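Novice: Pasting a structure here, questions to come.
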Amino acid sequence: MRGGICDGRGETVGERLFAAFESKDGGLARRSPVVLLDLQEGQDGEIVSWRHRVSEGTEAVVDWSLDHVLDPYLAELRQRRLRELQVKERYLKHSLNMLISQSNRKLGEYHQRQAGGGIWPGPSPRRRNARKR
């Protein structure tokens, strides 16, 4: 089966293939979809009867998968998104700190020039504020 999770905007956040194993007593267990590669053809008619049984129990498998397969997958996606957000937050803080540092350095240089009688680059802050009014 294929399961997917959508966000609040209807965008697919993640999709994954899952396999469910039904034991002889009717219990279901999650398996890796890779096990399907190991299936071998059985006696005549065995595949047809298997497909018929699966189509009859589809609703039960879907109900089971919502609790036992998609909920853990949702938690995994949530953890992944939180890690991504933490990386973006660190990067953003670092970038903003660098910009603030550069601005402070430039302001310090401007104040030194002004105090030393140097030329202020561009219009003075007073003229700039006057123009805004």
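Quick note: the coordinates plus some simple rules give every number you see, no bench work behind them. Please read these numbers as outputs of a predicted model, since none were measured by experiment. Please note: Cβ atoms are built from the backbone with ideal geometry, for glycine as well, and neighbour counts cover all protein chains shown.
Novice: What is the sum of charges around H68, taking Lys and Arg as +1, Asp and Glu as -1, for the other residues whose C-beta is under 12 Å from the C-beta of H68?
Specialist: Net charge around H68: -1.
Novice: Taking the highest mean first, how do the peptides 7-16, 74-83 order by number of other beta carbon atoms within 10 angstrom per residue? Present the calculation step by step, with values, prior to reporting the outcome.
Specialist: Values: 7-16: 10.2, 74-83: 12.0.
Descending packing order for the listed peptides: 74-83, 7-16.
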